Structure formats: C-alpha cells, structure tokens
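The structure under discussion appears below in the form of structure tokens.
The values are calculated or read from the model by the stated rules, or taken from the named source; none is laboratory data. All values derive from a computational prediction rather than experimental measurement. As a convention, Cβ positions derive from the backbone with ideal geometry for all residues, glycine included, and neighbour counts pool all protein chains shown. Note: areas computed on protein heavy atoms with side chains; ligands, DNA, RNA excluded. Shrake-Rupley method; radii C 1.70, N 1.55, O 1.52, S 1.80 Å.
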Amino acid sequence: MTAKLAYLLHVLFAVLWVGGMAFAILVLRPSLAALEPAQRLALLGGVHRRFFLVVWHAMPIVLLSGYFLLFGHYGGFRGAGWHVHLMHLTGLLMAAIYVAIFTGPWKQMRAALAAGDLKAAGEANEKLRQMVTLNLALGLLTVGVAAWGRLG
C-alpha cells in the first residue's frame, strides 16, 4: 500500500509540474500577445509566482517519492530498469534547471518588475521562457520514458 501511495504521489505531482509547463508555453504565452507589454509582464509576474510556488512543493514530492520507490520497491539502482535510471537522470536535470530558473531569470524578473524596468523584466522573462521550454522538453521525455519503460 505504501508503494502504491508513493507511486500515486509521484505520478500526480509529475503531471502537475509538466502539465503546468505545457500550459504556460503552449497556451498561456501565445494568448498573452493580445496584452500590452506592461500588462503582459505584470500578469506573467503573478503567474510565475504562483506556478513556482506549486513547483517548490511538487518537485520535492516527485524526487522523494521516486527515491522511496527506487530503494523501497526496486531495492536500489541494481534492481531498477533502464527507464528508472533515465527518469532519475532527467528528474535531477529538471530539478537543477528549475533551481537555476528560480535563482536566475525569475529573481531578475521580480527585481526588474519591482523597479518598473519593463525592458529588463522582458529580457529576464525571455530567458525564463527558454529555460522552461527546455524543462518542458525534458519533462515530456521523462513521461515518454516512464510509459515506454513501464510497458516496454
């Protein structure tokens, strides 16, 4: 039962994280073109703040539940299939990229918005978007690996 709960948490919070990035890049960003730059950046500031709060909770749950499954269910790396090893790698890369986003472009964007510097906020947001896009690609790869490895 404990492994099932860990797996449920792992999948739910991974979906929340990757799905949130997909929504932001594929739906929200193109829709914001209708707004003026100041409105767009203000809205993005609020969206990013809320989403990063969600990820600060989702990321540790995904990592901890993954390690619980790795060591509790599979008996460690030796007992895990190739897909678990690859998910471990991509999950750590995604977490590192998220921390880099949060401490880099997001921090710069917040400071620029607070100072009213729309140009700097826009530049920081563009870096943020590029890094989130990279993380989304890694997240989709991870989901594909999980599905393929589970049934392959």
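A few notes on this one:
- Estimated D of the chain in µm² per second, where Rh is the Kirkwood radius over Cα pairs and Stokes-Einstein applies at 25 °C, 0.890 mPa s: 149
- Between VAL47 and LEU12, the simple spin-label model (points 7 angstrom out along Cα→Cβ) gives 2.6 nm.
- Residues in region 79-93 carry Karplus couplings, in order, of x, 8, x, 4, 5, 5, 4, 5, 4, 4, 4, 5, x, 5, 4 Hz; the curve used is 6.51 cos²θ - 1.76 cosθ + 1.60 with θ = phi - 60°, and Gly or Pro positions show x.
- Summed side-chain charge close to PHE23 - residues other than PHE23 whose Cβ falls under 13 Å, Lys, Arg +1, Asp, Glu -1: +2
- Heavy-atom accessible area order for SER31, SER65, largest first, 1.4 Å probe: SER31, SER65
- Each part gets one Cα centre, and for region 131-145 versus region 8-37 those centres are 12 Å apart.
- Atom-type composition of the exposed protein surface of the chain places 72 percent of the accessible area on carbon and sulfur (1.4 angstrom probe).
- Taking GLU36, GLU126 and ordering them by how much accessible surface each has at a 1.4 Å probe, largest first, produces GLU36, GLU126.
- Taking the square roots of five times each eigenvalue of the Cα gyration tensor of region 1-67, the equivalent ellipsoid has semi-axes of 32, 11, 6 Å, listed largest first.
- Taking the empirical scaling 2.2 N^0.38 Å for compact globular proteins as reference, region 67-138 has a Cα radius of gyration ratio of 1.56.
- Acute angle (nearest 10 degrees) that the helix 118-151 long axis makes with the longest principal axis of the chain, alpha-carbon atoms: 20
- Listed residues MET94, VAL15, SER31: farthest to the positive end of the dipole of the chain (Cβ charges): VAL15
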